[in-house]
1. Roughly how tilted is helix 165-188, in degrees to the nearest 10 and between 0 and 90, from the longest Cα axis of the chain?
2. Give the residue from 173, 199, 156 lying farthest towards the positive end of the charge dipole for the range 142-260; charges sit on Cβ (+1 for Lys and Arg, -1 for Asp and Glu) and the dipole is referred to the Cα centre.
3. Mind listing the phi-derived Karplus ³J(HN,Hα) values for the range 155-161, rounded to whole Hz, using 6.51, -1.76 and 1.60 with θ = phi - 60°, and x for any glycine or proline?
4. Taking every alpha carbon pair in the range 175-222, what does the distance histogram look like in 5 angstrom bins from 0, in percent?
5. Placing unit charges on C-beta atoms (Lys and Arg positive, Asp and Glu negative, everything else neutral), compute the dipole magnitude of the chain about its Cα centre in debye, rounded to 20.
6. Can you tell me, using C-alpha contacts under 8 Å and at least 6 residues apart, the relative contact order of the range 157-239 as a whole percent?
7. Can you list the residues, at least 5 places off or on another chain, whose amide H is less than 5 Å from the amide H of residue 67, using H built in the peptide plane?
8. Within 10 Å of each candidate Cβ there may be at most 15 other Cβ atoms; applying that plus a DSSP loop requirement, which chymotrypsin sites (Phe, Trp or Tyr not before Pro) in the range 196-260 survive?
Amino acid sequence: MSDYDRNVSARWGTAARTRTAEIDQGLRAYMLGVYNYMTLGLALTGVVAFGANMLATTSDPSQAVSRIGNIYLTSTGLALYGSPLRWVIMLAPLAFVMFFSFRIDRMSAASARNLFLAFAAAMGLSLSTILLVYTGTSVARAFFITAAAFGGLSLYGYTTKRDLSPIGSFLIMGLIGLVIASLVNLFVQSSGFQFGLSILSVLIFAGLTAWDTQAIKEMYYSGDGYEVMTKKSVNGALMLYLDFINIFQSLIYLTGNRNN
């Protein structure tokens, strides 16, 4: 009887290890999909931002129709940054995020992926103004600092055994306060206040990066089909993308050198 028990236990142990390996492989593939979509979104944002800047600016004063400081604008630049169109460009990413949040459950996987890429392109157009204000060296430096910090924080969120839910609730409350304070500063226009908000933004979104990574990991379920798994990957990519972009924007404000 004891030999029989050992044989049964061995078979169950082997089955359990096989099941765990399958889940681990599925989880790795799922998280890889999240990071791949996020990286693709960031790459598209960068390409659109630099492309828009190239079309909007010129080094030849004779071809310029306007200027911002020592930056000469083409007719495209004037339309993008000096006309009411700039408000559309500024608010379009927010509209995309709201639409995505409310409709993702009813979208197909392909539609969710395409909408995310459209959002990334709109964000690139919006962020192209950064290249008018800050030097290219400053932008590159802020990007690589953000990438290094993001990588470490996301790795922590993925590997830690600690439940980050209580911290996440606190961070969400902080994020709401940050949004309200930012809206107030649109009218106050205080540089000192904005400096403090940028520091707070880095801290909040750094914490959210770890929390979101853990939450995305916990959304994984091995029984999900392709459609559901893809939508979860895209939604996770959007969450991490927003964390990355907000850290980057705050760091460029804190550390960036402005164009003369």
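1. Taking Cα atoms only, the helix is inclined about 10 degrees.
2. Towards the positive end, the residue furthest out is 199.
3. Ordered by residue, 3J(HN,Hα) equals 4, 4, x, 6, 9, 5, 8 Hz.
4. 5, 19, 22, 16, 11, 10, 7, 5, 3, 1, 0
5. On the way: 17 positive and 12 negative charges, 29 e Å.
Dipole about the Cα centre, nearest 20: 140 debye.
6. Values: 38 pairs, mean separation 34.7, N = 83.
This gives 42 percent for the range 157-239.
7. Those lying under 5 Å, H to H, from residue 67 are 73.
8. Values: sites: 205, 211, 220, 221, 226, 241, 244, 248, 253; in loops: 220, 221.
Here the sparse-neighbourhood loop sites are 221.
Readers should treat all values here as calculations from the given coordinates under stated rules, not as data from a laboratory. Being a predicted model, the structure only gives us computed values, none of them experimental. Reconstructed Cβ throughout: ideal geometry from the backbone, glycine too, with neighbour counts over all protein chains shown.
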